[in-house]
Structure formats: C-alpha cells, structure tokens
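The values are calculated or read from the model by the stated rules, or taken from the named source; none is laboratory data. The model shown is predicted, which means the values in this text are computed figures rather than measured ones. Every residue, glycine among them, receives a Cβ derived from its backbone with ideal geometry; neighbour counts consider all protein chains shown. The area values use the complete protein model at the heavy-atom level, side chains included, leaving out ligands, DNA and RNA. Shrake-Rupley method; radii C 1.70, N 1.55, O 1.52, S 1.80 Å.
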Amino acid sequence: MASDAPTAAPSEEEGAAPAPSSATASTRRARTHLGDERDGKRAERRSRWYRRDVRWSPYAFVAPFFVFFLAFGLFPLLYTGWASLHRVELTAPGDMEWVGLRNFSRLLSDEFFWNALKNTLSIGVLSTVPQLLIALGIAHLLNYRLRGSMFFRVAVLTPYATSVAAATLVFVLLFGRDYGMINWALGMAGIDPVDWQNGAWTSQLAVSTIVVWRWTGYNALIYLAAMQSIPDDLYESAALDGASRWQQFVHVTVPSLRPTILFTVVVSTIGATQLFGEPLLFNGAGGANGGANHQFQTLGLYLYEQGWVNLHLGRASAIAWTMFLILLVVGAVNWLISRRLRKSS
C-alpha cells in the first residue's frame with residue numbers, strides 16, 4: 001500500500017544538479033548579449049564592405065585601361081599638340097621656341113607634304129577597295145556550309161597574325177626586279193620585267209598588295225559574323241520569289257551589311273592614313289624617303305623623316321596633328337552617313 005507522505009527532494013550528495021544562481025544567469029545573458037552585439041557589428045562591417053565592393057570594384061577593374069590611356073594616349077596627344085606650336089629639335093626637346101601656327105602654315109607650301117598626302121590617298125584607294133571586295137566574296141563563300149569551314153576561317157586570318165616585317169620582306173622578294181617571282185611569271189606570259197620599286201604607280205601597287213594580303217582575312221571574318229546575323233526568313237522569302245543566289249546576295253546580303261561595310265571602310269581608311277611599316281620596309285635600305293623620288297612616301301613616313309631623320313620635332317608634331325584632324329574629318333563623314341542610313345532604314 002502506497003504511502004501518502006511527500007517524497008523528499010534528492011540532496012546534492014545524491015546527484016541532483018544545483019540550482020543556478022542569479023549571478024550566473026545574468027553573466028550568461030551578458031555574454032550572449034555581447035556575442036550578439038559582436039556578430040551584429042561583424043555583419044554590419046561585412047555589409048559595409050560589400051556595398052563598397054559593389055560600388056567601387058567596377059572602377060578598379062577599368063582603372064588600368066585609363067591609366068595606360070592617359071600615359072600612352074592622351075599625354076602624347078597633348079604634348080605633340082603643344083610641340084607643334086614651337087620650334088623644337090629632337091636633340092634638345094626641352095628648348096622650345098614659340099612659333100604659333102608657323103609649322104602648320106609651312107605644310108601648306110611644302111610640296112613633299114602634298115606628295116605624301118597624295119600617295120597616302122592613292123595607296124589607300126588601291127588597298128581598301130580590292131581588299132573589301134575580296135573580303136566580301138570570301139565571307140559569302142564561308143557563309144555556306146563547307147567541309148572544313150573552321151580550317152578556312154583560320155586560314156584567312158593567318159595573314160593578319162603574320163608580322164608586318166616578315167610579310168613585307170617576302171613581298172620585297174616577290175616584287176624583285178631581276179629575280180622576283182612576279183616578274184618571272186610576267187616573263188612567262190611574254191611581258192617585260194617591271195621595276196616595281198622605282199616606278200610611281202607600280203611601287204604603290206606593290207605596297208597596296210601587301211596591305212590587301214594582310215587585312216583581307218580580318219575584314220572577311222567581320223563580314224562573316226555580320227552575315228550570320230541576317231535572318232534566314234529573308235533568304236527564304238527571296239527564294240520563294242524566284243531570286244537566284246546572286247540576286248539574294250545583291251538584294252538581301254549587301255543591304256543588310258551596309259552598317260558593317262561602312263565600319264570596315266572607315267577602319268581601313270584610318271589604317272591607310274597611318275600606313276607606315278609596309279612602305280618603310282619595302283624601301284629596304286632607302287630609309288623613310290619612300291623611294292628615290294618619294295613615289296610611295298606616305299604621311300606616316302614623312303612624319304618619321306621629319307622627326308627622326310631631320311630631327312625637327314615641331315614639324316613632325318604638326319604633321320601628326322594634321323593626320324589627327326584628317327581622321328576627325330573621316331569620323332565626321334562616317335557619323336553623317338550612319339545617321340542617314342539609320343533614317344533611311
């Protein structure tokens with residue numbers, strides 16, 4: 001029979017845990033509060049750094065570009081602009097004599113400057129027009145499914161990756177007067193050998209050939225990328241209307257490529273204005289005079305001759321800024337044509 005007497009609580013000796021005191025509980029609460037506060041401050045600090053990272057990291061990523069642009073782009077441009085207003089020699093670049101626009105006015109009466117400008121324009125036309133036409137045809141062929149299409153795409157880009165010096169030296173051998181392969185081929189056809197280097201138009205044609213060989217593949221890949229973005233529905237509609245492959249190319253492909261063609265024309269024009277390596281190396285040991293009669297001396301060669309051969313740094317700076325102004329005019333014409341194309345479309 002169970003007893004109705006209350007059961008005694010076990011003592012500490014019997015293994016019962018002692019009741020926590022008020023001091024111990026308050027200590028635990030204080031430690032918990034300090035831990036929560038520390039965690040909160042850490043989370044706030046992480047949040048602050050995260051906000052700074054999100055805000056300033058993009059600027060840090062693009063900062064190297066602007067640093068190099070300021071050091072190697074903007075500063076030389078401004079310095080050459082300042083030097084073009086002075087008489088200064090390369091042997092003493094710190095000794096400047098203010099002459100204002102005299103260096104620019106002398107260019108207007110300098111027959112060698114006008115000759116270099118004329119040669120630059122003629123070489124630019126001889127190299128740009130065939131280059132872009134051939135590139136457009138190559139891109140049209142590569143746009144169709146061909147076996148080994150990746151190989152052909154890499155192959156057309158190989159000349160662009162070739163060194164200017166190596167390519168020009170090879171073409172110097174090809175255009176040699178006595179032992180060149182091109183004159184050998186002309187002789188097989190009953191044509192007399194051509195003095196490619198000393199002729200006016202022949203030398204410019206030879207230099208233009210080097211430019212065409214190097215840059216055709218680059219422009220072909222640009223055209224190919226633009227062709228692949230043309231919707232197939234346009235070609236299907238043209239085929240349903242009875243258009244042939246050539247008619248599709250003329251009436252669908254070329255109109256769709258007008259902005260891309262304009263871009264390549266502008267880029268090729270800028271490259272032709274700055275042409276330097278090909279005519280310099282084509283002249284061999286002749287230096288920067290562009291032939292015995294300056295027949296293929298471009299603006300780039302004339303600038304180099306004035307600045308680094310004749311040591312007239314002020315005149316060279318004036319030529320550089322004249323080339324820069326020409327490129328600005330080309331850019332303005334590009335903007336006007338692009339604006340008209342957008343309105344017409």
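A few remarks follow.
- Cβ-Cβ under 9 Å pairs, at least 6 apart or on other chains, region 187-206 side more than 18 Å from Gly284 (Cα to Cα), far side open to solvent by 50 Å² or more (accessible area, probe 1.4 Å) and part of a loop (DSSP other than H, G, I, E, B): Gly187/Pro193; Pro193/Arg177; Pro193/Asp178
- Residue list for region 243-253, restricted to those being out of contact with any helix residue (DSSP H, G or I) (no Cβ under 8 Å at 6 or more places or on another chain) and either open to solvent by less than 60 Å² (accessible area, probe 1.4 Å) or within 30 Å of Ala332 (Cα to Cα) (or both): Ser244, Val250
- When region 103-149 is filtered for residues that are free of Cβ contacts under 8 Å to residues at least 24 places away in the same chain and charged (D, E, K, R), the ones remaining, listed by number, are Asp110, Glu111, Lys118, Arg145, Arg147.
- Hits in region 75-110 (condition: of a type in the set (S, T, N, Q), more than 32 Å from the chain's Cα centre (by Cα) and part of a loop (DSSP other than H, G, I, E, B)): Thr91, Ser109
- Among (1) modelled with pLDDT under 90; (2) under 17 Å from the mean Cα position of the chain (by Cα), the one test that Ala238 misses: (2)
- Residue in region 131-153 that is open to solvent by 90 Å² or more (accessible area, probe 1.4 Å), out of contact with any His (no Cβ under 7 Å at 6 or more places or on another chain) and in a loop (DSSP other than H, G, I, E, B) present: yes
For (1) open to solvent by 20 Å² or more (accessible area, probe 1.4 Å); (2) closer than 27 Å to Gly137 by Cβ, each residue gets a yes or a no:
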site	(1), (2)
Pro255	yes, yes
Val265	yes, yes
Phe276	yes, no
Gly290	no, no
Ala316	no, no
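- Selected residue (criterion: most open to solvent (accessible area, probe 1.4 Å)) from residues of region 300-314 that are within 24 Å of the chain's Cα centre (by Cα) and hydrophobic (A, V, I, L, M, F, W, C): Leu303
- Filter result (hydroxyl-bearing (Ser, Thr, Tyr) and either part of a helix (DSSP H, G or I) or under 23 Å from the mean Cα position of the chain (by Cα) (or both)) within region 315-345: Ser317, Thr322, Ser338, Ser344
- Whenever a residue of region 71-97 is touching a residue at least 24 places away in the same chain (Cβ under 8 Å) and under 20 Å from Leu311 (Cβ atoms), its partners that are among the polar types (S, T, N, Q) and surrounded by 13 or more Cβ atoms within 10 Å (Cβ to Cβ), lying with C-beta atoms within less than 7 angstrom and at least six residues away or across chains, give the pairs Thr80/Ser317; Ala83/Ser317; Ser84/Asn103; Ser84/Ser317.
- Here Glu89 clears all of (1) open to solvent by less than 90 Å² (accessible area, probe 1.4 Å); (2) of a type in the set (Asp, Glu); (3) modelled with pLDDT under 70 except the condition numbered (3).
- Subset of region 301-314 [touching a residue at least 60 places away in the same chain (Cβ under 8 Å), part of a helix (DSSP H, G or I) and not aromatic (Phe, Trp, Tyr)]: Leu301, Gly307, Leu313, Gly314
- Once region 190-240 is narrowed to residues that are open to solvent by less than 70 Å² (accessible area, probe 1.4 Å), of a type in the set (Val, Ile, Thr) and in a loop (DSSP other than H, G, I, E, B), the residue that is farthest from Thr162 (Cα to Cα) is Ile230.
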